[in-house]
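Student: Let me begin by handing over the structure; questions about it come next.
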Amino acid sequence: MRFDVVTPDLQKRRVSLPRCVAETLALGLLFATGLIAASEPVPVPQVDAGIGPCTADFTVSRNNKPLYNAEISVHIAYGFMGMKKMDLKIGSNSEGKARFIGLPEKVHNPPLEFVVRSNGLSKTVDFWPNVKCHSQYSVIMGGQ
């Protein structure tokens, strides 16, 4: 069986029923694949200091919406008299989340100060690894 189909340039062409069904199924499959991909969880970016068991999880938002690519940084002084130093930096994902792992349990002159920056705004979060080694922080930038 054949059908007359009008193309976008207003010309008629003949299309068979199996071809029409195949094209419809292909478009439906592409659409369904897009929906499935959109519903998958977004991986949380993480940086590993590799010097201890502690973790710090961040969720950054503004006006009750997650902030994408908010920069979170920390300077770590550890070891005997804080002689060893490390600077770490990461950006948040589309859900406003980021994670630091492998943080030391003991630091020189605690607390560790995480600095969160986004769109000219800045906030500091104190992390006391010897008090709570696995911490979670919700950082709200610019009010609300």
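Quick note: the coordinates plus some simple rules give every number you see, no bench work behind them. Note that the coordinates shown come from a computational prediction; the quantities given were computed from them, not determined experimentally. Backbone-built Cβ (ideal geometry, glycine too); neighbour counts: all protein chains shown.
Student: To the nearest 0.05, what FRET efficiency results for N64 and M86 with a Förster distance of 22 Å applied to their C-beta separation?
Tutor: 0.05
Student: Pop out the ³J(HN,Hα) list for segment 64-81 in order, Karplus 6.51 cos²θ - 1.76 cosθ + 1.60 with θ = phi - 60°, rounded to Hz; leave Gly and Pro as x.
Tutor: 3J(HN,Hα) across segment 64-81, in whole Hz: 6, 10, x, 9, 7, 6, 6, 8, 10, 10, 8, 10, 10, 10, 9, x, 4, 6.
Student: Continuing with this model, one more query. Using amide H atoms built 1.01 Å from N in the peptide plane, name the residues 5+ places from I76, or on other chains, whose amide H lies under 5 Å from its own.
Tutor: M86, D87, L88
Student: Moving on. Around I140, under 12 Å between beta carbons, what's the net of Lys plus Arg minus Asp minus Glu among the other residues?
Tutor: The answer is +3.
Student: Would you mind giving the three semi-axes, in whole Å and largest first, of the ellipsoid equivalent to segment 75-126 according to its Cα gyration tensor?
Tutor: 24, 12, 9
Student: Just to confirm a number: summing +1 for Lys and Arg and -1 for Asp and Glu over residues other than S118 whose beta-carbon lies under 11 angstrom from that of S118, what do you get?
Tutor: That works out to +2.
Student: Which residue, F58, S94, N119, has the largest displacement toward the positive end of the dipole of segment 46-140 when charges sit on each Cβ (Lys, Arg +1; Asp, Glu -1)?
Tutor: N119
Student: Hey, another quick one. Calculate log10 I(q)/I(0) of segment 40-137 for q = 0.12, 0.14, 0.18, 0.23 Å⁻¹, where I(q) comes from the Debye formula with a single equal point scatterer on each Cα and nothing for solvent.
Tutor: Values, matching the q order: -0.37, -0.49, -0.79, -1.19.
Student: Related question: Straight-line reach from K106: which lysines have a Cα under 27 Å away, not including same-chain ones fewer than 8 places off?
Tutor: Within the straight-line limit of under 27 Å, K106 reaches these lysines: K84, K85, K89, K97, K123, K132.
Student: So how far apart, in nm, are the two label points at Y137 and D57 if each is 7 Å from Cα heading toward Cβ?
Tutor: 1.6 nm
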